[in-house]
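The values are calculated or read from the model by the stated rules, or taken from the named source; none is laboratory data. Only a predicted model underlies this, so the values are computations on that prediction, with no experimental measurement involved. Don't worry about glycine lacking a Cβ; one is built from the backbone with ideal geometry, like all the others, and counts go over all protein chains shown.
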Amino acid sequence: MNKLILTILLAFGCLSMVSQEHSVPLLTGDYPDPTILRDGNDYYMTHSPFVYMPGFLIWHSTDLLHWKPIGRALPETGGDLWAADLVKHGEKYYIYYPANGTNYVIWATDIRGPWSQPIDLHIEGIDPGHVVGPDGTRWLHTSGGYVVQLAADGLSVVGKQVHVYDGWRYPDEWETECFCLEGPKLTCHNGWYYLTSAQGGTAGPATSHMVVSARSKSPTGPWENSPYNPIVHTQSADETWWSRGHGSLVEGPDGQWWMVYHAYRKGYHSMGRQTLLVPIEWTADGWYRTSQREGLPLQATMPSIDDNFTGGTLGWQWTMWKEYAPQSLHWSRRGLAVDGKGSTPADGRLLLTIVHDRDYEATVDIDLSKKAIGGLLLYYNEKAHAGIMADRKTVTVVHGAGDTETMPNRWGNRMSLRVTCRDHHAQLAVSRDGRRTWQTIANGVDVSQLHHNRYGQFLSLRIGLLAAGQNSVTFSHFTYTGLD
């Protein structure tokens, strides 16, 4: 009996290694809770925007590997927005999403917009998942195994939420964050409805998160759990990808099936949860599981996030922190002038962009107006950030927990700032001669703990441009280089 158990465990471990080794990082950096839509020959994907605005950056692909951003669906998010479901029904596109203790929907006739204003569905739960029954009735699943009927237009609910699914009971000895049944995504295939869910908690221990599957002949159940559960799961902290979960199925252009999901890279929680792709196969008994199928390179290529700030609109790579204030942005030949507010990174105005590499370097030129404060930061939240901030009199080094060190400004009101991050430690430097020579003002600034498991909120450490004080800061020639 012991030999049989060992054989089963070894086989299970091999399956886990297969699914991990064949996972491809599609979007490196903080792109959590992927929701994917196939629309003919086109694929669209979006992710949780949380408190970053504008929200719901939509990506487009024709081959599931090469992705380009095409626009944002929600300028003013109005809260903390979590995992959404991007769907098409009839001739309209919909995004269902949770925020502020309820769930909303926005819709558009063109996925590039314009999108409607948010409509409150007045239902609890998170991570909504849309599905259409064989009679055309529309339903919305939410966390905890609940479902509610939608009106025919998908913009309101009919009746109350009903509990229909208990999830898959994993072994008690597994180390997880919580049971946390969430992330329901529905797929109809060969007469079955497949409910793909997340369990185990999305952060915490490396082995916490997982993807599980159940099926039914009805979009509302009863549900039978898959014998192949968990479909995706980190078995050990020795693996490359931690907390692997929150999956969605999609059929590829060649008829092959795939799953997109998210995970933390081992040792790099500060990068947030990255979007990965793994091949899926359908079994003879009508279930799905991860596959050993080859066919994709090791990693997709991210588009450049460099910005000369000459386009007259905010680039796709930038978001603001807990606000959307386009009236504070002014373009000219000199670059982008940002009206300041507050006096520190905790209350100042921020433009943030996602880090796509474990090691990287970012530079920007700044021009300080009188009584203005500008800076280049690595920013997690109000309590967790590091970098350089300057006014016309002083330059301040901000350490990882918000501690500061101030020195006289010897570089003037126009300077270049640089942050170089290797192995979670940042070097901060300033130039006054157009980046020909640099002076290091801080070395070895530790940013390794600026992530969710210490500060919460499920965010990532992002590059930030700071505008504070009583006047504007002009930014120009932002460059980013991955050093991996």
Original post:
Counting just the residues of segment 453-484 that are in a strand (DSSP E or B) and out of contact with any Asp or Glu (no Cβ under 9 Å at 6 or more places or on another chain), which one comes out farthest from residue 266 (Cα to Cα)?
Top reply: 466
**OP:** Keeping to segment 293-325, report how many residues are charged (D, E, K, R), modelled with pLDDT of 95 or more and part of a loop (DSSP other than H, G, I, E, B).
**Re:** 3
Original post:
Can you name the strands (runs of 3 or more DSSP E) wholly within segment 64-112 that have at least 1 residues being more than 30 Å from residue 24 (Cβ to Cβ)?
Top reply: 92-99, 102-108
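Please pick out the residue among 152, 203 that is closer than 25 Å to residue 458 by Cβ and either in the same structural domain as residue 34 (by TED's automatic domain parsing) or surrounded by 14 or more Cβ atoms within 10 Å (Cβ to Cβ) (or both). Full working, then the answer.
Numbers: 152 fails: closer than 25 Å to residue 458 by Cβ.
Criteria check complete, one pass: 203.
Quick check on this structure: which one of 77, 142 is at pLDDT below 95 and surrounded by 17 or more Cβ atoms within 10 Å (Cβ to Cβ)? I'd like the intermediate steps shown before the answer.
Working: 142 fails: at pLDDT below 95.
Of 77, 142, the one residue that is at pLDDT below 95 and surrounded by 17 or more Cβ atoms within 10 Å (Cβ to Cβ) is 77.
Only one residue in 134, 98 is within 18 Å of residue 52 (Cβ to Cβ) and assigned by TED's automatic domain parsing to the domain that holds residue 168, so which one is that? Reasoning before the result, please.
Values: 134 fails: within 18 Å of residue 52 (Cβ to Cβ).
Criteria check complete, one pass: 98.
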**OP:** Would you check which residues across segment 383-424 are of a type in the set (Lys, Arg) and touching a strand residue (DSSP E or B) at 6+ places or on another chain (Cβ under 6 Å) and list them?
**Re:** 392, 414, 418
Subject >> Total residues in segment 114-128, condition within 21 Å of the chain's Cα centre (by Cα) and either free of Cβ contacts under 8 Å to residues at least 60 places away in the same chain or outside the structural domain of residue 249 (by TED's automatic domain parsing) (or both) >> reply: 5
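Any idea how many residues of segment 432-452 are closer than 22 Å to residue 264 by Cα and surrounded by fewer than 19 Cβ atoms within 10 Å (Cβ to Cβ)? Steps first, please.
If we filter segment 432-452 for residues that are closer than 22 Å to residue 264 by Cα, which is where we start, we get 446-452.
Then drop every residue that is not surrounded by fewer than 19 Cβ atoms within 10 Å (Cβ to Cβ), which leaves 446, 448-449.
Residues in segment 432-452 being closer than 22 Å to residue 264 by Cα and surrounded by fewer than 19 Cβ atoms within 10 Å (Cβ to Cβ): 3 in total.
Could you grab me the full set of residues in segment 426-474 that are of a type in the set (Val, Ile, Thr) and either under 30 Å from residue 176 (Cβ atoms) or modelled with pLDDT under 95 (or both)?
In the first step, residues of segment 426-474 are kept if they are of a type in the set (Val, Ile, Thr); the result is 430, 437, 440-441, 445, 447, 463, 473-474.
Selection gives 447 alone.
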Original post:
If we scan segment 329-349, do we find a residue that is in contact with a Pro (Cβ under 9 Å, 6 or more places away or on another chain) and of a type outside the set (Asp, Glu)?
Top reply: no
Subject >> Residue that is among the charged types (D, E, K, R) and more than 27 Å from residue 53 (Cα to Cα), where the choices are 454, 422 >> reply: 422
**OP:** Collect the residues in segment 147-175 that are touching a Phe, Trp or Tyr at 6+ places or on another chain (Cβ under 9 Å) and more than 16 Å from residue 97 (Cβ to Cβ), keeping them in residue-number order.
**Re:** 147, 149, 153, 161, 162, 163, 164, 165, 166, 167, 169, 170
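With segment 210-292 as the region, which strands (runs of 3 or more DSSP E) entirely inside it contain at least 2 residues that are among the β-branched types (Val, Ile, Thr) and crowded, with 18+ Cβ neighbours inside 10 Å?
210-216, 274-282
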Original post:
Is segment 321-332 home to any residue that is more than 22 Å from the chain's Cα centre (by Cα) and surrounded by 19 or more Cβ atoms within 10 Å (Cβ to Cβ)?
Top reply: yes
**OP:** Scan segment 310-362 for residues that are under 19 Å from residue 413 (Cα atoms) and in contact with a Phe, Trp or Tyr (Cβ under 6 Å, 6 or more places away or on another chain) and report the count.
**Re:** 2
